[in-house]
Structure formats: structure tokens, C-alpha cells
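To start, the structure itself, in C-alpha cells.
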Amino acid sequence: MSSKKRRRVKDKWRGKDWYVIVSPSYFGGAELGAVPSDDPEKLVGRIVDATLYDLTNDFAHHYLKMYFQVTGVDGKTARTIFKGHEYSRDYLRSLVRRKTTRVEAILGVTTKDGYRLRLGICAFTLVRIKTSQEKALRDIMRKIVQEKASTLTFDQFVQEVVLQKIASDIYNEAKKIAPLRHVGIRKSKLTLQPTIAA
């Protein structure tokens, strides 16, 4: 009976270190989780997600999913940049009602410090509205978002987007046009990050 040599199975977890991923300082530098890697450089570019609830501990924020991209590693800490956010599907579905109008606008904006984002803004009315009112609502969305982007840095702008401060400003202006049930920035995506000269 020939004795077969047992092959040693290499433990792929051994030799990997754990790195803590943290949100950017403008979202409190909160821990987003820990990931293993045998080389910290491999973490750069990785996208991680979290809900706004994970950052604020406010259950009212559970519907908002956020995305962060790892930009660099300091020791055992992986730094990130805000990459975008979106409403959960269930939450978006819960906003739809019969005999009402959903007004959508997709806008590209550039912040004061040169970051470009694409935003999806939605408004849900209490009753059906005319096409002319829909156009007026979109005009208000565009005006307020572009004004905000031109006066705020990326850090400030994404805070106002995610915490729905900009949506609140749109609501206060747009409710003069039509009765509204909800206004929100349902989705955002960072499309261009300016290159910083060394």
C-alpha cells in the first residue's frame, strides 16, 4: 500500500492583514468595516457601501445607500472619498402613488473646487399636475442645484446632497408651483475628480 504524501493546503488568510475602512472626514470619519489584504495597494480603488444610518445612527436614514472609494492607506486605516448615493428600491417604490405625478430631472454639476457630479432629482406631487408645472419644477431643481454647486466645495456639496438640505430648498421653492409630497435627490455619482498638482 503506497503512502501518498499529503499536500499542505496554504491558508490564504494567513499573510493577510486587516485594514479598517473609514468614511471621509466630512462624513465623520466613521468605520465602514474591515477588509483583509496581502498588499494595501490592492485596496486602492475598491468601492465599499454603507447606509446613511451606519454613519448617523438615525433609523430615519436607513433608506439611503452610500458608496465610498478607497483612495489610500495610512498604516492599517484605508481612507475613502464619497463616490455616490442612491435611494433603496423599496423606499423609491413606497413614494409612488396613483393619480399623482412624478417629476424627474437628471443634472450634471461642477462644484466650486472642480468636482463633477451627476444627480437624479425626483419630486412626487399630491395630485396630477400639468406639463407646464412639471417644466417649472424642473427649472427650479436646475436653478437651485447649480447655484449650490457653484458656491460650495465638494465636501460641503455632498453633505447637503446626502442630508437632503438641497432637496429641502427645492421643496420650499417648488411647493409654490404645485402641492408636493416628497422632493429628494434620489441618486448621485461622482463623475470627475480634479487632479491635484503635487
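Quick look at the numbers
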item: Residue-normalised accessible area of the chain, expressed per residue, 1.4 Å probe, Å²; result: 62 Å²
item: Cα centroid separation - the stretch 90-106 against the stretch 130-153, whole Å; result: 18 Å
item: Sum of -39500 (n - 2.57) over DSSP H runs of 4+, divided by residues of the chain (222 nm, nearest 500); result: -8000 deg cm²/dmol
item: Length gained when the stretch T71-H182 is fully extended (0.36 nm per residue, less Cα-Cα span); result: 36.5 nm
item: The chain - charge dipole about Cα centre, Lys and Arg +1 at Cβ, Asp and Glu -1, debye rounded to 20; result: 1200 debye
item: Per-peptide average of other Cβ atoms within 10 Å, ordering 124-130, 109-115 highest first; result: 109-115, 124-130
item: The chain - percent of accessible surface contributed by carbon and sulfur, probe 1.4 Å; result: 49 percent
item: Peptide ranges 175-185, 160-170 listed from the most packed, as the mean C-beta count within 10 angstrom indicates; result: 160-170, 175-185
item: For the stretch 112-124, 3J(HN,Hα) per residue [Karplus equation, 6.51 cos²θ - 1.76 cosθ + 1.60, θ = phi - 60°, Hz, x = Gly/Pro]; result: 3, 9, x, 7, 10, 9, 10, 10, x, 10, 10, 9, 10
item: Percent RCO, i.e. relative contact order, over the chain, from Cα pairs under 8 Å lying at least 6 residues apart; result: 18 percent
item: Radius, Kirkwood style, for the stretch 90-198 when every pair of distinct Cα atoms is counted (Å); result: 14.4 Å
item: Nearest-20 debye value, the stretch 98-174 charge dipole, Cβ charges on Lys, Arg, Asp, Glu; result: 480 debye
item: Largest-first principal axis extents, alpha carbons of the stretch 31-105, Å; result: 55, 26, 15
item: Label corresponding to volume of the Cα convex hull per residue in Å³ when calculated from the structure given, among [x] 147; [y] 182; [z] 134; result: [y]
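The values are calculated or read from the model by the stated rules, or taken from the named source; none is laboratory data. Since the model is a prediction, treat every value here as computed from it, not as a measurement. Cβ coordinates were reconstructed from backbone atoms using ideal geometry, including for glycine residues, and neighbour counts include every protein chain displayed. With ligands, DNA and RNA removed, areas are computed over all heavy atoms of the protein, side chains included. Shrake-Rupley method; radii C 1.70, N 1.55, O 1.52, S 1.80 Å.
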